[in-house]
Amino acid sequence: MQVDVIVLGAGAAGMFAAIEAGRRGRRVLVVDHAQAAGEKIRISGGGRCNFTNLGITADRFLSKNPRFAVSALKRFTQWDFIARVDAAGIPWHEKTLGQLFCDGSAKQIVQMLLRDMDKAGVTLWLGCALGAVTRDGTGFRVDSARGPIWAEKVIVATGGKSIPKMGATGYGYKLAESFGLPLVETRPALVPLTLAEQELEPLKPLAGTSVAGRAVCGRIGFEEAILFTHRGLSGPAILQISSYWREGTGLTLDLAAGQDLAAGLRNARQAGGRIALRTALARFMPEKLARHVEIVSGFTGNLADQANAALDRLAALAHGFPIMPVGSEGYRTAEVTLGGVDTDALDARTMEAKSVPGLYFIGEVVDVTGWLGGYNFQWAWSSGWAVGQHA
Ligand code: FDA
């Protein structure tokens, strides 16, 4: 088999790149070991696919080189992708924080991409394992379960390590290494965090409790829901902060984000303070959590018994609750992989490896990781578009 362009991986980035290259008249083959294309798209966003975000800016992506993603994100924007979704007649809505979801099903996005690949004349091989990729003359030889494939250009779009059950492998990283490209250390991101047994034990009754809070790590914080789980912490605020958190550092949780607890408690005391502290706190947060904060504070007695200084300390504790995660739930549940192919080794306009002409890396396999909320798919579309104009 001989093609112009072979795309390794039929995920979001690979399919988009194939469409763009195919539209330029290139003979494109996409190969994936999974039985279906775009499986992560299908399950994403609770089955509705949060396909982009209205607030895409490069500072919402983590990378050793934060400027790397700028070019691709500017040349194929969220508006460009929205135009594709509109042209395909897929209804969508903004849920929150600029996050755009399908009204119906994520499968509509997969179908749109498959249709566009078909129209662009792209060939798709599913259920086909990939082997070694080697230089062959001016092009490449890619070994596969269906035999060797010769291609002028190779686009690596095999994604990250998250959710191995869905076919994620370290294939792209190994391939990069085999061509001498540097990697930025990988780690699970957008992932629930775990607590040590002694910190978890008193929090166990809170499992399943969610609070509108803010999770802070160093100078960065995210104001969204925090969920207490049987193993530690989850919810969007925690998933977001997990990309910034490192072992050995703590988080502070604001358990009453956007509320002035000190003033609220004083007002409640004035209005008749013969209520338990936990009852007063429960006006600002879930009851179980209020009970926990009261216990941790060490304060006893009624609200009426507390001096201003005590209420201020209680409020400060609830607005800056310290917590020390010890790890994460790992790739089993992580939405994405932080790190990957070092962007220093890639051309930001074309995604081509600087030292290996004709070899490209796009999507999650690259050291570009977005926030939660449609950012990672936009990176897949934008980087896929960029390579599709060139390969
Ligand atoms: P992706 O992982 O999509 O595709 C890689 C492809 O390569 C797969 O089809 C895989 O089978 C194939 N492959 C891997 N190894 C191979 C090998 N050795 N041989 C052959 N094929 C191989 N993002 C977002 O923006 N909005 C959202 O709503 C969500 N929701 C979400 C939910 C869940 C549960 C997860 C796990 C992730 C998300 N994400 C998300 C993240 C998003 O899914 C992710 O960033 C993109 O899918 C990355 O696209 P890629 O094409 O780079 O990799």
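Counting other Cβ atoms within 10 Å, which trypsin sites (Lys or Arg not before Pro) in segment 297-360 have at most 12 and lie in a DSSP loop?
Qualifying residues, ordered by number: Lys354.
Report the label-to-label distance for Lys165 and Arg274 in nanometres (one decimal), using points 7 Å from each Cα along the Cα→Cβ vector.
Roughly 5.5 nm, to one decimal.
For segment 17-73, what is one quarter of the convex hull surface built on the Cα atoms, given in nm²?
6.2
With a 1.4 Å probe and all protein chains left in place, how much accessible area per residue does segment 192-329 have, in Å²?
Value returned for segment 192-329: 45 Å² of accessible area per residue.
What full-extension length gain, to one decimal in nm, is calculated for Asp143 and Val356 as 0.36 nm per residue of separation minus the Cα-Cα distance?
Here the answer is 74.8 nm.
Which length gain, in nm to one decimal place, applies between Thr57 and Ile43 when the Cα-Cα distance is subtracted from 0.36 nm times their residue separation?
Extra length from Thr57 to Ile43 when fully extended: 2.5 nm.
Separation between the Arg313 and Ser105 pseudo-spin-labels, each 7 Å from Cα along Cα→Cβ, expressed in nm?
A separation of 5.8 nm, rounded to one decimal place.
Over segment 178-277, what is the mean sequence separation of C-alpha contacts under 8 Å (at least six apart), divided by residue count, expressed as relative contact order in percent?
The normalised contact order for segment 178-277 reaches 28 percent.
With +1 assigned to the C-beta of every Lys and Arg and -1 to the C-beta of every Asp and Glu, and no other charges, what is the dipole magnitude of the chain about the Cα centre in debye, to the nearest 20?
For the chain, the charge dipole is close to 380 debye.
Carbon-plus-sulfur fraction of the accessible area of segment 192-329, 1.4 Å probe, in percent?
53
On full extension of the chain, what length is gained from Ala129 through Leu97, given 0.36 nm per residue of separation minus the C-alpha to C-alpha distance?
Result for the pair: 7.6 nm of gain on full extension.
Given the pairs Lys40/Lys119; Lys64/Lys354; Lys95/Lys204; Lys40/Lys161, which are separated by over 21 angstrom at their Cα positions?
From Lys40/Lys119; Lys64/Lys354; Lys95/Lys204; Lys40/Lys161, over 21 Å: Lys40/Lys119; Lys95/Lys204.
To check my understanding: the extent here is largest minus smallest coordinate of the Cα atoms along each principal axis. What are those three numbers for the chain, in Å, largest first?
83, 42, 34
First compute the accessible area of segment 54-178 with a 1.4 Å probe, then give the percent of it belonging to carbon and sulfur atoms.
About 54 percent, which is the carbon plus sulfur part of the accessible surface.
Distance in nm between label sites at Arg349 and Thr252, each 7 Å beyond Cα in the beta-carbon direction?
Rounded to a tenth, the inter-label distance reads 4.6 nm.
If R0 is 41 Å, what FRET efficiency do you get for His230 and Val70 from their C-beta distance, rounded to 0.05?
0.50
The values are calculated or read from the model by the stated rules, or taken from the named source; none is laboratory data. As the structure is a prediction and not an experimental result, all values here were calculated from the model. In this analysis, Cβ positions are derived from the backbone assuming ideal geometry, glycine residues included, and neighbour counts consider all displayed protein chains. Protein only, heavy atoms only, side chains kept; ligands, DNA and RNA dropped before computing areas. Shrake-Rupley method; radii C 1.70, N 1.55, O 1.52, S 1.80 Å.
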